[in-house]
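Following: one structure in structure tokens, then a few remarks.
The values are calculated or read from the model by the stated rules, or taken from the named source; none is laboratory data. Everything quoted here is computed from the prediction, not taken from an experiment. Cβ coordinates were reconstructed from backbone atoms using ideal geometry, including for glycine residues, and neighbour counts include every protein chain displayed. Side chains are part of the model used for accessible areas, which takes the heavy atoms of the whole protein and leaves out ligands, DNA and RNA. Shrake-Rupley method; radii C 1.70, N 1.55, O 1.52, S 1.80 Å.
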Amino acid sequence: MSANPQLDRQGRLQHLLTIDGLPAAIILQILDRARAFHTAGADSRKLPIMAGQSVFNLFFEASTRTRTTFEIAAKRLSADVINLNVAASSQSKGETLLDTVDNLSAMHADMFVVRHAESGAAHMIARHVAPGIHVVNAGDGRHAHPTQALLDMYTIRHFKGAFENLRVAIVGDVTHSRVARSQIHALTTLKVPEVRVIGPKTLLPRDVETLGVHVYHDMREGLRDVDVVIMLRLQNERMQGALLPSREEYFKYYGLTPEKLALARPDAIVMHPGPMNRGVEIDSAVADGAQSVILSQVTFGIFVRMAAMATLAENTR
């Protein structure tokens, strides 16, 4: 058995659970394939890659962009897509997660796309399913969101051409962000020379430096001369707790405004995984401005998720 639960003995991708430990070659393989889909106009025609296969979307948390782009991607690969209505499923009657998976597997599922509030849920399912059934983690607790990180890497490469010589700043609530963890793993695996995290001490993990990043608590200092600015969502309910005094205070020090963005390189791009809290982590003038590539991220997510699912489908044991 492979030491990496995502890979088989030949080093082929069997599940996409986390960026942590994923070889750079596989990340680049997915990005290259996404670019091929993008340039071939795969947004307007179906491909037969997953014809006859069934993809079950198991979203135990609310989602708009991720669930929708996964559904679009699977359909463009000609897969049959089943969206589980979790609120009306047997889970609401006390059935365990693995029993739910077993029953869906008996309906000839080929792939599960899973979003769950508990960290490790996708890993547990991947260990449980039969060989030949693939699991994609669409976000688990605070742990990982690998396809978001992959589409972010695609966006950076699309607009910047390469990862060499880049300075990338990730700003905001890193502590609670599965996206930030996955982004950091992807950026360091792809040898981005300088990755910065910017935020108040209360929203940065104590050991974040061990991930190979530079820590800044002053946003103006941290944004100086960066090529890419990735803003993170800050949930409204957290702003009323002990971690932050107020939304207004947060925006004053860590909200991205045109004035603060001017400290970055003139051709810096602005990214956000969504959903955005305008006037909290980002000013509308920036979100809708010329340097924003936020809507491009959403579009690119379709091609990246197509690439990830196609790679898994073709690696079936």
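Pick from the range 182-207 the residues that are among the basic types (Lys, Arg) and at pLDDT below 95: which of them is most open to solvent (accessible area, probe 1.4 Å)?
Restricting to residues being among the basic types (Lys, Arg) and at pLDDT below 95, the top hit is Arg206.
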Single condition Ala117 does not satisfy, out of (1) within 22 Å of the chain's Cα centre (by Cα); (2) modelled with pLDDT under 90; (3) more than 15 Å from Ala138 (Cβ to Cβ): (3)
Checklist (1) closer than 28 Å to Ala25 by Cα; (2) modelled with pLDDT of 90 or more; (3) open to solvent by less than 50 Å² (accessible area, probe 1.4 Å) applied to Leu104, failing item: (1)
Odd one out for Asn57 among (1) over 18 Å from Glu314 (Cβ atoms); (2) part of a helix (DSSP H, G or I): (2)
Scan of the range 143-181 for residues that are in contact (Cβ under 8 Å) with a residue 60 or more places away in the chain, of a type in the set (Gly, Ala, Ser) and over 14 Å from His272 (Cα atoms), ordered by number: Ala144
Condition check for Thr316: open to solvent by 40 Å² or more (accessible area, probe 1.4 Å) and under 14 Å from the mean Cα position of the chain (by Cα): no
Residue list for the range 130-142, filter: without any contact (Cβ under 8 Å) to a residue 60 or more places away in the chain and either of a type in the set (Ser, Thr, Tyr) or buried (at least 21 other Cβ atoms within 10 Å of the Cβ) (or both): Ile133, Asp140
Number of the condition not met by Thr147 [criteria: (1) within 19 Å of Leu31 (Cα to Cα); (2) open to solvent by 10 Å² or more (accessible area, probe 1.4 Å); (3) not basic (Lys, Arg)]: (2)
Residue in the range 78-98 that is most open to solvent (accessible area, probe 1.4 Å), counting only those that are in contact with a Ser or Thr (Cβ under 9 Å, 6 or more places away or on another chain) and at pLDDT 90 or above: Asp80
Qualifying positions in the range 278-294 - over 16 Å from Tyr254 (Cβ atoms), open to solvent by less than 30 Å² (accessible area, probe 1.4 Å) and of a type outside the set (Gly, Ala, Ser): Val293, Ile294
Selection within the range 295-313 - open to solvent by 20 Å² or more (accessible area, probe 1.4 Å) and of a type in the set (A, V, I, L, M): Leu295, Val298, Ile302
Test: residue in the range 67-77 that is buried (at least 17 other Cβ atoms within 10 Å of the Cβ) and over 26 Å from Ala180 (Cα atoms): yes
Filter result for Leu244 (farther than 18 Å from Ala264 by Cα and either surrounded by fewer than 21 Cβ atoms within 10 Å (Cβ to Cβ) or more than 21 Å from the chain's Cα centre (by Cα) (or both)): yes
